[in-house]
Structure formats: structure tokens, C-alpha cells
Amino acid sequence: MNRKKILFSIGLVGVIAIHSIGQPSDSNTVIHTTTGVETTVSQAYFKMGDMRLINNDWGSRALECKTSYRIFIEKDGTFGWEFTRGTCGGDGAPDFPEVEFGLHPFGFIKDKAKTGDVSSTTLLPLQIKNITSASIKIDQMNIALQGSASWNICFETWLTAKDPATIDTGVCPYAEIMAFWGWQDGRWACDKTGSLTAGSNSYRLCHQVDEGWGCGWRYIQFRVDGGPMRSYNGTLNVKAMLDWLALNLGVSRDMWVTRFEIGSEIGDNTNGKVTFKNLTFEVNGVSKSPVFRDPTAIRAQSREVIPRKGNTAMFPAG
């Protein structure tokens, strides 16, 4: 699937005026997170300790297509998302329900920061040269599909030339890096060679676009050996992947790693459900797993946040 033409012919002309993934766009509400909760609100999220579970339907919104997405946390602490997307008119604008750990790479309007403009964790963003270890442990990520025309389950990270907390809105990131564990049959065939071992699995370089992706960033995609899979249980060594990029593709170690994401790109005529038993992000020896609040300690009220003024185009994840 080649997204680069449709991706920002939508976003940059301001057809969609959402800036920050993770901030509820139809209400100024941050959802307090316990177990046994769900929401179908577009772009809303649940904060699970140092990570956010995000109902990210950016593609459907960009295409003005009515779709159904739900994020949920079960009473036993398992979590995930459920999706139904019909014929929206383009797999070049997929949706990307996800778990985010860190800060989006697209900048913000100074003094007008919303919750989504602040890193979900103190561990990221961080320059590559200052990362001594980084990994993600995925405990039973499963995708069940009733319609499987266009999908994946994947890891994603973003690189910027400057600290993303200091970047004004509209500055293009340096690179988007993805690693796929599962994908639909017949997906965009690989056109590059190269391989690395990164944790529990080995990966092959599948695509490398050095310019012109989105607003001009680089795009690098890996796929797991032995894939595609409809479930993944293992550890991704993110530092090994970053080191490989530095050694083989000349990525500067001065680049900032803005966030880690685990999600699924969902395109047209696809419906199903993704679930996790657990998920742990680790940076420089510090590990963070989901944390849920005691529902008896939370009053049933929303917290108002400052809405962003103006018509700022959103840069989607995935």
C-alpha cells in the first residue's frame, strides 16, 4: 500500500483540522482510566500509566467516512480495540488505533499545549545517542478478523531532528519507522533487502523511501521473518533496530526518538478486534506496564482542557 500521495493531499490542505493524536477531538475531555471501560469517541484515549490507548480513526475522518471504532479495557486488565470500516475510498488513509508511549513528532503551538502535546512518559523523547537500551514486550497481541481486506499489526516509532517538545506545528519529522508482525495477503510487495535480529525475532528491510513521504519525511518498513502473523507474543529490541538504522542507513544518533507505538493500520472493508494481555515499554533499564486507577477513587466527571485555536492540519500516525 503506497500512502504517500493521499496522505498529505488530505492533511496539508486542512481538510482535517485535528492536530494531536490522543486528544479527544469532539469534546474537551480527558477520560480517567480504570478497568471495565470503553469509548467510541473519535480520537479519545485512555491513559494507562505511562501510555495511552488511542481511538485513532484519522483516515476515516480525513475521508469523511462514517466508521465504527471502539477502544476498551476489560475488568481483568486486558485491553484493545474493535473496528468496522467499510468502503471509505482509499487505503492510502488508514485508521490507526494504537497504544502510544511518548510524544507525537509534529510539534505544537507554544503556550497552547493540550494533554496530547505532552509526553505520556518521562522516558521519551530521547536522542538515539542517549539510549542504552530500549525494548517492548508484547504479551499476547491477537487480531481476529471478520473482514480482512487491508490491515496490519505493527510497531512504529518516529525520529525528529530536534526535541519534539520544542518544535512548532507543521515542522516535518525526519523519519517514520515501522515493523510489521501481521499484514493482509498481497500487501505491497517488498522491494528492499537487508536483515537484522531485534529481540525475539529477525526482520527484513521491506521498504525504504528517502524523500517525499508524507510532508517529506523518510519512510522505513521492516517485516518479521515467518510472517504474516495474526498473533504476536515476544520482545522487540528497539535499540537494536535503531543501531541498525545508524550503521546501515546513516541515521544520525543525534536524532530524537519521539515515541513508541503498537497499533494496527485498518483500511477499507476490514473489521475485527485486537486484544492485548499486557504490554511493557522499557527505556534505559526502566520498564513501564499499564497502570489502572481504582474506580472508587475517581469522581465521575471530565476534566476540561484548553482547545487549540486555528485550523492546524493533523499529521497521522501509521
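The values are calculated or read from the model by the stated rules, or taken from the named source; none is laboratory data. Since we're looking at a predicted model, the values are computed, not measured. Cβ sites come from the backbone with ideal geometry, for glycine too, and all protein chains shown count toward neighbours. Accessible surface areas use protein heavy atoms only, side chains included; no ligands, DNA or RNA. Shrake-Rupley method; radii C 1.70, N 1.55, O 1.52, S 1.80 Å.
A DSSP coil position with no more than 15 other Cβ atoms inside 10 Å describes the following trypsin sites (Lys or Arg not before Pro) in segment 46-79: 66, 75. Magnitude of the charge dipole for segment 160-270, about its Cα centre and with charges confined to Cβ atoms of Lys, Arg (+1) and Asp, Glu (-1), is about 300 debye. Normalised by the number of residues in segment 112-261, the mean separation of alpha-carbon contacts (under 8 Å, six or more apart) gives a relative contact order of 36 percent.
Taking 20 Å as the cut-off, the amide N atoms of segment 70-87 that come nearer than this to a point 7 Å along the Cα-to-beta-carbon line of residue 40 belong to 70-75, 79-87.
Spin-label model, residue 129 to residue 146: label points 7 Å out along the Cα-to-beta-carbon direction sit 5.3 nm apart.
At 1.4 Å probe radius, can you tell me the per residue accessible area of segment 106-225 in Å²? Let's see the in-between values first.
Details: 4580 Å² over 120 residues.
Solvent-accessible surface per residue comes out at 38 Å².
Backbone amide hydrogens, once placed in the peptide plane, bring residue 68 within less than 5 Å of 84, excluding anything fewer than 5 places away on its chain. Segment residue 168..residue 273, full-extension length gain: 34.2 nm, with 0.36 nm per residue of separation and the alpha-carbon distance subtracted.
Beyond 22 Å between alpha-carbons counts as too far, so tell me which of 47/75; 129/192; 162/288; 137/273; 66/114 fall in that bin. Write out the running numbers ahead of the final one.
Numbers: 47/75 15 Å; 129/192 26 Å; 162/288 25 Å; 137/273 20 Å; 66/114 26 Å.
With Cα atoms farther than 22 Å apart: 129/192; 162/288; 66/114.
Peptide packing: for 236-245, 136-145, the average count of neighbouring Cβ atoms within 10 Å per residue gives the ranking 236-245, 136-145, highest mean first. Amide H contacts of residue 150 (H built 1.01 Å from N, in plane; Pro and chain starts excluded): 267 sit under 5 Å, all sequence-distant by 5 or more or on other chains.
Structural size metrics of segment 110-213, computed from C-alpha coordinates, are Rg and Dmax of 16.8, 46 Å. Phi-derived couplings, Karplus 6.51 cos²θ - 1.76 cosθ + 1.60 at θ = phi - 60°, listed residue by residue for segment 142-157: 10, 10, 10, 10, 9, x, 10, 5, 8, 7, 7, 10, 7, 9, 9, 9 Hz, with x used for Gly and Pro. 3J(HN,Hα) along segment 255-268: 5, 8, 8, 8, 6, 10, 9, 10, x, 9, 6, 10, x, 4 Hz, from the Karplus curve 6.51 cos²θ - 1.76 cosθ + 1.60 with θ = phi - 60°, whole Hz, x for Gly and Pro.
Amide H contacts of residue 222 (H built 1.01 Å from N, in plane; Pro and chain starts excluded): 178, 179, 180, 206 sit under 5 Å, all sequence-distant by 5 or more or on other chains.
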